[in-house]
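Here is the structure we will look at.
What follows is calculated from the coordinates using simple rules that are stated; it is not laboratory data. This one's a predicted model, so the numbers in the text were calculated from it and none came from an experiment. So basically every Cβ, Gly included, is an ideal-geometry build from the backbone, and we count neighbours across all protein chains shown.
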Amino acid sequence: MRVHTAVVPAAGMGTRFLPATKAVPKELLPIIDTPALQLIIDEAVGAGVDHMVIVTSRAKPAIEAYFQPQPEVIAKLRSSGRDQLADRVEALGRDVKVSFAFQDQALGLGHAVGCAREVVGDEPFAVLLPDELMGSSSLLDQMARLCESTGGSVVGLKEVPHEDVGAYGVIDPAGTLDADGVIPVRSMVEKPKPADAPSNLIIIGRYVLTPDVFDEIAQVQPGAGGEIQLTDALKAQAARSPFHGVVRDVLRYDTGNPLGWLTANIEIALQDPKIGPQLREWLPTQL
Ligand code: UTP
């Protein structure tokens, strides 16, 4: 079955961006002029998704507000001849159906995905973490196709130096990488010591999951701080069903912390035809 729904967990507290995130959700912080959440939606739509499920919190009303029409802003843009921008703003959220699910307590990523169960229904779905941005939809597209052909869940992977694995979920491979960058997964371990890590392939924030994961999430015992880890539910799936990872050479930006967000902004702005040339001139003067 074609994957047409994507879940975006966006109910976290964004503590690494305080005090900005007191009022502005981390997922709406801009990359130049576009919220990270919008870039995630564009990536998902590019991979064939036509239904976005945003898991949000009642404490973050700005996320729902982002999808509301703003006729007065559009009218102002049109009356001042800025039709291109008006068209762009007007189109936001119209190329895709957007639904909301609510996580009232930030009990972890697994719990956030579990909150989307009713809206997703009984079909495979993608999960995109909005604090990791990709340069294109190609990874998600390949993952969705692999889920369709194998009938099992798929995670996005990246190869890192062995000493860097300790901050991530790491897969235990059940075979070797094929020419398409696909590898069978036996299990996973969250934040291992490098010496104990079963590989140097870390799970990045893209998943395509079969809906039985919801039953697994419901079984997961809360860990430290009451958090329900998604990795625990995926481990249970990998133990009894086909489970694969995909490594793909795609640009990836980690925007979940201020330094990563800033460097992503600079890298992307340097490529921007409007502001790139000026930024290129100014940047060396600061070194
Ligand atoms: P993060 O751990 O990066 O987000 O989760 P956070 O908890 O908001 O950020 P910090 O660590 O306090 O700075 C990755 C994504 O998962 C969502 C977050 O909103 C973020 O988009 N998330 C996390 C949830 O929706 N619910 C949770 O319980 C935890």
Can you work out the Karplus-derived ³J(HN,Hα) for every residue in the range 208-217? Use 6.51 cos²θ - 1.76 cosθ + 1.60 with θ = phi - 60°, whole Hz, and x for glycine or proline.
10, 10, 7, x, 5, 4, 5, 5, 5, 4
Can you list the residues, at least 5 places off or on another chain, whose amide H is less than 5 Å from the amide H of Arg186, using H built in the peptide plane?
Asp172, Ala174
Under 16 Å from Lys76, Cα to Cα: aspartates and glutamates that are on another chain or at least 8 residues apart
Asp87, Glu90
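Provide, as a two-decimal number, the C-alpha radius of gyration of the chain over 2.2 N^0.38 Å, N being how many residues it has. Intermediate values should be presented prior to the final figure.
On the way: Rg = 19.5 Å, N = 287, 2.2 N^0.38 = 18.9 Å.
Against the empirical 2.2 N^0.38 Å value, I get 1.03 for the chain.
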Given unit charges at Cβ for Lys, Arg (+) and Asp, Glu (-), the dipole magnitude of the chain about its Cα centre in debye, nearest 20, is 520 debye
From phi via Karplus (6.51, -1.76, 1.60), per-residue ³J(HN,Hα) for the range 187-203 in Hz, x at Gly/Pro:
6, 9, 9, 8, 6, x, 5, x, 5, 9, 5, x, 6, 10, 9, 9, 7
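With only alpha-carbon atoms in the gyration tensor, what are the semi-axes of the equivalent ellipsoid for the range 208-258, in Å, largest first?
Numbers: eigenvalues 111, 73, 13 Å².
Rounded to whole Å, the semi-axes are 24, 19, 8.
Can you put Val119, Val3, Val73 in order of Cβ neighbours within 10 angstrom, beginning with the fewest?
Values: Val119 16, Val3 23, Val73 13.
Ranking Val119, Val3, Val73 by Cβ neighbours within 10 Å, fewest first, gives Val73, Val119, Val3.
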Could you work out the relative contact order of the range 52-167? I mean the mean sequence separation of Cα pairs under 8 Å and 6+ apart, divided by the number of residues, in percent.
27 percent
Let me check I've understood the local charge: for Ala126, count other residues with C-beta under 14 angstrom from its C-beta, Lys and Arg +1, Asp and Glu -1. What total comes out?
-4
Relative exposure of Ile74, Ile171, Ile275, judged by other C-beta atoms within 10 Å (fewest first)
Ile275, Ile74, Ile171
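Taking neighbour Cβ counts within 10 Å as the exposure measure, how do Met52, Met1 sort from fewest upward? Let's see the in-between values first.
Working: Met52 23, Met1 10.
In increasing order of surrounding Cβ atoms, one gets Met1, Met52.
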Antiparallel %, DSSP beta bridges [both residues in the chain], to 5:
55 percent
Amide hydrogen neighbours beyond the local backbone of Tyr168, cut-off 5 Å, H modeled
Lys191
